[in-house]
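J.: Below you'll find the structure I mean.
The values are calculated or read from the model by the stated rules, or taken from the named source; none is laboratory data. Quantities reported herein were computed from a predicted structural model and do not represent experimental measurements. All Cβ positions, glycine included, derive from the backbone under ideal geometry; neighbour counts span all protein chains shown.
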Amino acid sequence: MPDHELTITRVFDAPRELVFAAWTDPDQLAAWLGPKGYTAPAVTLDPRPEGAWRACIRNEAGDDEHWMHGTYREISAPERLVFTFTWDTEGDMRGQTLVTIDFADLGGKTEMTFHQTGFPSAAERDGHHGGWSEAFDDLMLHLA
């Protein structure tokens, strides 16, 4: 359903090759992934079609941890990245979503359009909107 889809567009003051690398290099992804107050202590990536990825985000107190994983569907460096996203939480019934990220060259800057589909509810979509928005704030700082 369209109301269960999420689209966030951001412009970064960095070339798209750098923004793309921030998604496909595990050390860079670990530097910014997660909402405010969370870090990513574990990130493994195999950025190729059908390659797997897995990451953990943990709050600063260390008492709230969430694992996520997926499979890359498309990698067209530095223009597009498509992958599945699933939470690893036992008993989690949210299911799998699909993330598509397009990176447009704006003459040294990059417009990143992030699109996630397949949410089971608008509430779940809204939760992801908040988390991704805060993570993208950290991505902006990481790229600065």
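J.: Of the numbered conditions (1) part of a loop (DSSP other than H, G, I, E, B); (2) free of Cβ contacts under 8 Å to residues at least 40 places away in the same chain, G127 satisfies every one except a single condition; which is it?
T.: (1) is the only condition that G127 fails.
J.: What are the residue pairs meeting all of these: first residue in region 100-115, first residue of a type in the set (K, R), second residue surrounded by fewer than 15 Cβ atoms within 10 Å (Cβ to Cβ), Cβ atoms under 8 Å, and 6 or more apart or on different chains?
T.: Sorted first by the residue in region 100-115, then by its partner, the pairs are K109/V11; K109/D13.
J.: Right, another one. Considering only residues of region 99-144 that are touching a His at 6+ places or on another chain (Cβ under 9 Å) and charged (D, E, K, R), which is farthest from R16 (Cα to Cα)? Before you say what the answer is, go through the steps one by one.
T.: At the first step, the residues of region 99-144 found to be touching a His at 6+ places or on another chain (Cβ under 9 Å) are 99-102, 116-122, 124-125.
Narrowing the set further to residues that are charged (D, E, K, R) leaves 102, 124-125.
Values: D102: 10, E124: 29, R125: 26 Å.
Out of the qualifying residues, it is E124.
J.: Mind checking which residues of region 92-110 are outside any strand (DSSP E or B) and not charged (D, E, K, R)?
T.: Taking region 92-110 first, the residues outside any strand (DSSP E or B) are 92-96, 106-109.
Correct list: M93, G95, Q96, L106, G107, G108.
J.: If you go through region 1-28, how many residues are touching a Leu at 6+ places or on another chain (Cβ under 7 Å), among the aliphatic types (A, V, I, L, M) and within 17 Å of V99 (Cα to Cα)?
T.: The total comes to 2.
J.: Tally time: how many residues in region 8-47 are touching a Phe, Trp or Tyr at 6+ places or on another chain (Cβ under 9 Å) and more than 18 Å from M140 (Cβ to Cβ)?
T.: 7
J.: What are the pairs with Cβ atoms under 8 angstrom where one residue, in region 6-30, is in contact (Cβ under 8 Å) with a residue 24 or more places away in the chain and of a type in the set (S, T, Y) and the other, located anywhere, is in a loop (DSSP other than H, G, I, E, B) and surrounded by fewer than 20 Cβ atoms within 10 Å (Cβ to Cβ)? Sequence gap at least six, or different chains.
T.: Listed by first residue and then by second, the contacts come to T24/P47; T24/A77.
J.: Which one of these does V43 not meet: (1) surrounded by fewer than 18 Cβ atoms within 10 Å (Cβ to Cβ); (2) outside any loop (DSSP other than H, G, I, E, B)?
T.: Among (1) surrounded by fewer than 18 Cβ atoms within 10 Å (Cβ to Cβ); (2) outside any loop (DSSP other than H, G, I, E, B), V43 violates only (1).
J.: Given the criteria within 23 Å of F12 (Cα to Cα), part of a strand (DSSP E or B) and either in contact with a Leu (Cβ under 7 Å, 6 or more places away or on another chain) or at pLDDT 95 or above (or both), does T113 qualify?
T.: Values: within 23 Å of F12 (Cα to Cα): yes; part of a strand (DSSP E or B): yes; either in contact with a Leu (Cβ under 7 Å, 6 or more places away or on another chain) or at pLDDT 95 or above (or both): yes.
The answer is yes for T113.
J.: Would you check if R54 is in contact with a strand residue (DSSP E or B) (Cβ under 8 Å, 6 or more places away or on another chain), of a type in the set (K, R) and farther than 25 Å from A104 by Cβ? Lay out the reasoning, then the answer.
T.: Working: in contact with a strand residue (DSSP E or B) (Cβ under 8 Å, 6 or more places away or on another chain): yes; of a type in the set (K, R): yes; farther than 25 Å from A104 by Cβ: yes.
Here the answer is yes, as R54 does meet what is asked.
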